[in-house]
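Remarks on the structure that follows.
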Amino acid sequence: MTELRHRGAKDSEPPVEQQPSEDKCSDSELKAEKDGVSDNESKVDSGVPEVPVPPDDTPEVLNKALSGLSSRWKNWWVRGILTLAMISFFFFIIYLGPMVLMMIVLCVQIKCFHEIIRIGYSVYHSYDLPWFRTLSWYFLLCVNYFFYGETVTDYFFTLVQREEPLRILSKYHRFISFALYLTGFCMFVLSLVKKHYRLQFYMFGWTHVTLLIVVTQSHLIIHNLFEGMIWFIVPISCVICNDIMAYMFGFFFGRTPLIKLSPKKTWEGFIGGFFATIVFGIMLSYVMAGYRYFVCPVEFNNDSNSFQVDCEPSELFQLQDYTLPGVLESVTGWTTVRLYPFQIHSIALSSFASIVGPFGGFFASGFKRAFKIKDFANTIPGHGGIMDRFDCQYLMATFVNVYIASFIRGPNPSKVIQQLLALRPDQQLYIFNSLKAHLTEKGLLPAVEPAA
């Protein structure tokens with residue numbers, strides 16, 4: 001991916017690089033943005049201080065080993081090595097189970113929030129705005145308390161009802177959440193400083209948009225995980241595959257620029273990444289659909305007080321025969337194919353990851369260009385910050401959650417029973433008699449004749 005140098009550094013690379021994968025700006029583009037390509041742009045950018053550029057944090061070992069290569073190939077090797085390391089870590093946390101995955105999602109959420117808020121603080125810290133960072137982290141705490149409290153109440157209902165303190169917190173959860181947010185709102189109003197009103201409201205909006213993008217999406221990721229680890233792993237893996245394959249196709253074959261916002265992305269990389277991701281999604285889905293550990297919903301076992309992923313797989317994860325259309329039959333010579341239904345759904349997931357998912361990266365690219373920065377942070381050498389790696393994942397998480405709710409999820413009998421058990425005895429009897437009368441009317445239960 002494209003390497004961005006500090007202001008004033010000479011760029012030895014050609015103006016149009018044959019690689020699409022990273023949302024970085026060239027020196028000439030940054031200079032144009034700083035100097036102003038038009039009067040309107042210069043007026044807009046003139047009041048925005050620049051964010052300090054972090055130093056190169058590539059490990060010294062890699063710098064020495066790759067010292068003889070050009071910057072283009074050096075960046076290629078650094079990104080490749082770190083990508084393999086991150087994929088290995090991803091496999092490791094999958095092995096550790098769903099609870100560890102949830103903790104990792106929470107850690108990634110906090111780090112992404114920190115990177116975005118740090119940009120706001122770096123830009124506006126000279127104005128000495130009171131309580132900006134304190135209130136930002138306080139609102140993060142409030143929103144996480146609300147979302148995770150809803151999740152605990154929904155998925156650990158029996159445990160919550162069993163423990164008195166948890167039952168009280170669950171009963172008044174939304175009121176407590178609102179009271180916490182209201183406290184932060186009042187603190188913000190009290191912190192308003194004359195002559196900085198507009199800027200403070202800018203930062204108030206900055207914090208809330210960040211919460212919407214980061215916290216809400218990470219909450220949806222956890223909900224996807226509870227539907228089955230396959231709904232967590234396949235979408236994330238498709239985004240990773242598309243990112244890698246788009247970079248590879250663009251690096252070696254890229255010729256035609258894709259979008260002005262990210263001039264290093266090419267149509268060759270975009271199209272190559274699309275087909276590679278479709279094939280990858282179908283193959284990965286076939287492998288994972290055969291294991292209960294991946295396809296069963298993540299549920300809490302009240303007897304062992306632990307998570308369990310054991311069930312009888314639904315029809316979605318059972319092999320079925322499908323008749324091929326005449327065109328495909330003439331090409332392949334097959335009349336039927338044996339697939340898991342989930343593999344068909346994986347085509348939709350892979351298509352979204354390849355076609356719409358990159359727009360999350362374009363959005364992040366535009367955000368970084370607005371503040372003339374290369375990356376959100378320098379956490380991962382050659383890759384930037386955590387937010388640089390997860391800008392497409394958050395958009396994907398929303399799509400998966402909506403897709404499950406629209407096409408997959410049905411009524412959950414276990415949750416209905418949990419809610420019934422929480423009712424008063426007279427309410428339970430009323431529901432029992434109503435259900436009995438309904439089933440009798442449908443002919444599913446024999447009619448009971450009155451005693452003589």
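The values are calculated or read from the model by the stated rules, or taken from the named source; none is laboratory data. It should be emphasised that the depicted structure is a prediction, and the values quoted were computed from it without experimental measurement. Neighbour counts are summed over all protein chains in view; Cβ atoms, including those assigned to glycine, are modelled from backbone coordinates with ideal geometry. These accessible areas exclude ligands, DNA and RNA; they are computed on the full protein's heavy atoms, side chains included. Shrake-Rupley method; radii C 1.70, N 1.55, O 1.52, S 1.80 Å.
Would you mind stating whether Ala397 is out of contact with any strand residue (DSSP E or B) (no Cβ under 9 Å at 6 or more places or on another chain) and touching a residue at least 12 places away in the same chain (Cβ under 8 Å)?
Numbers: out of contact with any strand residue (DSSP E or B) (no Cβ under 9 Å at 6 or more places or on another chain): yes; touching a residue at least 12 places away in the same chain (Cβ under 8 Å): yes.
Considered against the rule, which asks whether it is out of contact with any strand residue (DSSP E or B) (no Cβ under 9 Å at 6 or more places or on another chain) and touching a residue at least 12 places away in the same chain (Cβ under 8 Å), Ala397 comes out as yes.
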Handout entry: Counted residues, the stretch 331-363 - those being β-branched (Val, Ile, Thr) and farther than 15 Å from Thr277 by Cβ
Key = 6
Practice task
Name the one entry in Tyr247, Tyr293 that is assigned to a helix (DSSP H, G or I), within 23 Å of Phe232 (Cβ to Cβ) and touching a helix residue (DSSP H, G or I) at 6+ places or on another chain (Cβ under 8 Å).
Solution key: Tyr293
Fill in the blank from the handout: Screening Met283, Met288 for residues that are under 26 Å from Tyr340 (Cβ atoms) and open to solvent by 50 Å² or more (accessible area, probe 1.4 Å) leaves only Met283
Exercise for the section: Only residues that are open to solvent by 20 Å² or more (accessible area, probe 1.4 Å) and either of a type in the set (A, V, I, L, M) or touching a strand residue (DSSP E or B) at 6+ places or on another chain (Cβ under 8 Å) (or both): list them for the stretch 254-274, please. Expected result: Arg255, Thr256, Pro257, Leu258, Ile259, Leu261, Pro263, Lys265, Trp267, Phe270, Ile271
Practice task
At least 1 residues that are in contact (Cβ under 8 Å) with a residue 60 or more places away in the chain and open to solvent by less than 30 Å² (accessible area, probe 1.4 Å) in each: list the helices (runs of 4 or more DSSP H) lying fully within the stretch 137-233 that qualify.
Solution key: 197-226
Practice task
Taking Ser304 as the residue in question, decide whether it is loosely packed, with under 15 Cβ neighbours inside 10 Å and assigned to a loop (DSSP other than H, G, I, E, B).
Solution key: yes
Practice task
Give the residues of the stretch 96-113 that are open to solvent by 20 Å² or more (accessible area, probe 1.4 Å), under 30 Å from Val189 (Cβ atoms) and either acidic (Asp, Glu) or touching a residue at least 60 places away in the same chain (Cβ under 8 Å) (or both), sorted by residue number.
Solution key: Leu106, Lys111
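Report whether or not Phe399 is open to solvent by 50 Å² or more (accessible area, probe 1.4 Å) and of a type in the set (Phe, Trp, Tyr). It would help to see each step written out before you state the result.
On the way: open to solvent by 50 Å² or more (accessible area, probe 1.4 Å): yes; of a type in the set (Phe, Trp, Tyr): yes.
When the stated conditions are applied, Phe399 passes them.
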Fill in the blank from the handout: Residue hits (the stretch 116-136; closer than 24 Å to Lys368 by Cβ and either open to solvent by 50 Å² or more (accessible area, probe 1.4 Å) or aromatic (Phe, Trp, Tyr) (or both)) are Arg118, Tyr121, Tyr124, His125, Ser126, Tyr127, Phe132, Arg133
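Counting only residues that are polar (S, T, N, Q) and over 25 Å from Tyr155 (Cα atoms), which one in the stretch 413-452 is most open to solvent (accessible area, probe 1.4 Å)?
First, the residues of the stretch 413-452 that are polar (S, T, N, Q): 414, 418-419, 427-428, 433-434, 440.
Filter once more, so that each one left must be over 25 Å from Tyr155 (Cα atoms): 433-434, 440.
Numbers: Asn433: 91, Ser434: 53, Thr440: 46 Å².
The selected residue is Asn433.
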Completion exercise
Counting only residues in the stretch 368-426 that are farther than 21 Å from Ile110 by Cα and among the hydroxyl-bearing types (Ser, Thr, Tyr), the one modelled with the lowest pLDDT is identified as Ser414
Problem - Residue that is farthest from Thr158 (Cα to Cα) [pool: residues in the stretch 307-330 that are surrounded by fewer than 12 Cβ atoms within 10 Å (Cβ to Cβ) and small (Gly, Ala, Ser)] - result: Ser330
Exercise for the section: Would you point out the residue of the stretch 274-313, among those that are touching a residue at least 60 places away in the same chain (Cβ under 8 Å) and small (Gly, Ala, Ser), that is farthest from Phe226 (Cα to Cα)? Expected result: Gly281
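Would you list the helices (runs of 4 or more DSSP H) that sit entirely within the stretch 20-131 and hold 1 or more residues that are of a type in the set (S, T, N, Q) and modelled with pLDDT under 50? So that I can check it myself, show each step before the final result.
Working: elements: 27-35, 39-45, 60-65, 71-96, 98-124.
Ranges flagged: 27-35, 39-45.
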Exercise for the section: Give the residues of the stretch 369-389 that are open to solvent by less than 20 Å² (accessible area, probe 1.4 Å) and either within 22 Å of Ser237 (Cβ to Cβ) or within 19 Å of the chain's Cα centre (by Cα) (or both), sorted by residue number. Expected result: Phe376, Ala377, His383, Gly384, Gly385, Met387, Asp388
